[in-house]
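Enquirer: Following this message is one structure expressed as structure tokens.
Here, each number is a calculation from the coordinates, and none is a lab measurement. Worth saying up front: this structure is predicted, and the values here are computed from it rather than measured. Cβ atoms come from the backbone with ideal geometry, glycine included; neighbour counts cover every protein chain shown.
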Amino acid sequence: MLDDANPFHAGERRAQARAGVGDVAEWAAGFIRPAMPDQHRAFFTQLPFLVLAGADADGRHWVTLLDGADGFVGSPDAKTLTIEATPSAQDPLAAALTRGTDIGLLGIELATRRRNRLSGTFRRHGTGYAIDVRQSFGNCPQYIHERTWQRVPLSETPPALSSATLSETQIARIRAADTLFLGTGQRAEEAHASNGFDASHRGGAPGFVKVVDATHLRIPDYAGNNFFNSIGNLLENPAIGLVFVDFETGGLLHLSGRAAIDWDPTDSRDPNAQRMIDVTIDVVVDRPNALSLRWSRDDEGLRALVVTRKVVEAEGITSFYLAAADGAPLAPFEAGQHLPVELEIPGQPGLVKRSYSLSGSPNADTYRLSIKREVHGIVSGFLHDHVQVGSRIAARTPSGDFMAPCSDCPLVLASAGVGLTPMLSMLNAAAAQQVNRPVWYVHGVRNGAQHAFKSEVDALVTSRPNLTKHIQYSQPMDTETAGIDFDATGRVTAQTLLDLNAGPGAQYLLCGPAQWIASLRTGLETAGVPAHHIHFETFGPTG
């Protein structure tokens, strides 16, 4: 029997246990919600397309993209999305969408690498459709390849081609792909919020999907949020849907079949693959010119940066100061945003992409990335060991929406561990402002050896009377004393933040491990802090 308080069904919990990630349900309820936060509602309503996952009348699972004119997605309330677009009759999900069905939805913005997911029920609504939301949660931006889009007049659409096997042309498209969308679903015997479908994104270097033969694929499963929504669904129901997008022509290659999980992919040539999804294809539907959207890789957005300084900030944390290799000014950024970087690392297939929060002042003439070495981190280890002053790093324009939501309201900046990086940038920005709004910088760390930027924070707080700091050590060393080296012993909790008495207008910005953020978020909301006053960004050991 499923526990209604647990956001995960039995398959997801079995997958989490098999992967050894602990009891994710203890903290994930702080992220998986029965309604959309305001940030997600605003995000969905400005998208040019949505990714939908569901099943046809025969129980086959499919994934599709539905595009529309500007503003075709609306959100009249936190439990509802409206859609003013009609699926093509050639879409393998068209009949199911028309009659109403369980649906999984992914909203993704390739240009900024943002994505959010939800599940619910698709139904007719006026001249269009609506989705009644059952579960809603965000996703990290890993493995998303940046692309910009444009609309083109949609000419006559050629007939869809259906078959039971992949053609040589289709195989070549899959082998060249760096992106796919995947749909899975299940329904427990009893009603539960996790019933229904999930639409998710998968990305990697071109060729990351292995074509075994005309009816078999192997898809690598990389480190993620540890929810195991897709794999958990497959453990309950092996039906799977895939879609590959031809970004240049708007074509969609839909596949429907069955999947099994290889938990120990010893034959994988991809060192980042933690598992493989083995797909047996039953039906192929090839839809040329299916969308009015066209995408292009933003390769011109890449810029060569040179490392001008490399500074060890604390145990395991090193800062890299970056300037433009051509000597021109850097693109501006807002405090809290991150810098997408692309690295060539020996032994890795293709460029390795990561996004790191900018930790320096937005007014500085260099970017600063402060990066923690992860135990098994391929990228962080490479940066710490091999990138030196004079090394070059390819980067894109700073992006992200984790920023102060107002110009003069009280701010509580709370972080744990290396989560201090965007908060430090926000503290620098607040110190440079002429607005005397109260700002509290709250940071939790194990001890002084791992406490980065202590002197910088002290100097910033001293420079302005409206800035206050509160530092907690969870395991101080014998030589460290509360009241002298730090403010309090123990972990930063929701009560720590509430005791600041920041007032009803305060905005809380949180950055740290997912479990810690979930605990703070739940505690703040329980104490009466409005959900739209709480903003967060997670990090994990993705390397």
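Enquirer: In Å and from the alpha-carbon atoms only, list the Rg and Dmax of the range 411-539.
Expert: When restricted to Cα atoms, the range 411-539 yields Rg and Dmax of 13.9, 41 Å.
Enquirer: Mind pulling the per residue volume of the convex hull built on the Cα atoms of the range 265-341? Å³ is fine.
Expert: Here the figure is 254 Å³ per residue.
Enquirer: Counting only GluC sites (Glu not before Pro) that are in a DSSP loop and have at most 16 other C-beta atoms within 10 Å, tell me the longest site-free stretch of the chain.
Expert: 345-479
Enquirer: I would also like to ask the following. What value, in deg cm²/dmol to 500, does the helix sum -39500 (n - 2.57) over DSSP H runs of n ≥ 4 give at 222 nm once divided by the residues of the chain?
Expert: Value at 222 nm, helices only, nearest 500: -5000 deg cm²/dmol.
Enquirer: Could you tell me how many degrees, from 0 to 90 and to the nearest 10, lie between the Cα long axis of helix 454-463 and the main elongation axis, the longest principal axis, of the Cα atoms of the chain?
Expert: For 454-463 against the chain, the angle is about 70 degrees.
Enquirer: Convert 10 °C to kelvin, take the viscosity as 1.306 mPa s, use the Kirkwood radius over C-alpha pairs of the range 38-189 as Rh, and evaluate the Stokes-Einstein diffusion coefficient in µm²/s, rounded to a whole number.
Expert: 95 µm²/s
Enquirer: If you stretched the chain out fully between Ala260 and Glu456, how much longer would it get, using 0.36 nm times the residue separation minus the C-alpha to C-alpha distance?
Expert: That works out to 65.4 nm of additional length.
Enquirer: I've got another one for you. With no solvent and one equal point scatterer per Cα, compute the Debye intensity ratio I(q)/I(0) for the range 297-395 at 0.23 Å⁻¹ and report its log10, rounded to two decimals.
Expert: -1.42
Enquirer: Could you give the angle, 0 to 90 degrees to the nearest 10, between helix 514-526's Cα long axis and the longest principal axis of the Cα atoms of the chain?
Expert: The angle comes out near 80 degrees.
Enquirer: Enumerate the lysines that Lys310 could reach by cross-link, defined here as Cα to Cα under 23 Å, with residues fewer than 8 away along the same chain left out.
Expert: Lys353, Lys372, Lys454
Enquirer: Just name one of Pro206, Ser194, Tyr222: the one whose Cα is farthest towards the positive end of the charge dipole of the range 172-240 (beta-carbon charges, Lys/Arg +1, Asp/Glu -1).
Expert: Most positive-ward Cα: Pro206.
Enquirer: Bin width 10 Å, origin at 0, all Cα-Cα pairs of the chain: what percent of pairs per bin?
Expert: 3, 17, 27, 27, 17, 7, 1, 0
Enquirer: While we're here: Under a Cβ-only charge scheme (Lys and Arg +1, Asp and Glu -1), can you give me the dipole magnitude of the chain about the Cα centre, in debye to the nearest 20?
Expert: Dipole magnitude for the chain comes out near 400 debye.
Enquirer: I would also like to ask the following. Given the C-alpha atoms of the range 89-136, compute the convex hull and give its volume per residue in Å³.
Expert: 100 Å³
Enquirer: Which translational diffusion coefficient, to the nearest whole µm²/s, is obtained for the range 111-166 from the Stokes-Einstein equation, given a Kirkwood hydrodynamic radius over C-alpha pairs, 10 °C and 1.306 mPa s?
Expert: The diffusion coefficient I find is 100 µm²/s.
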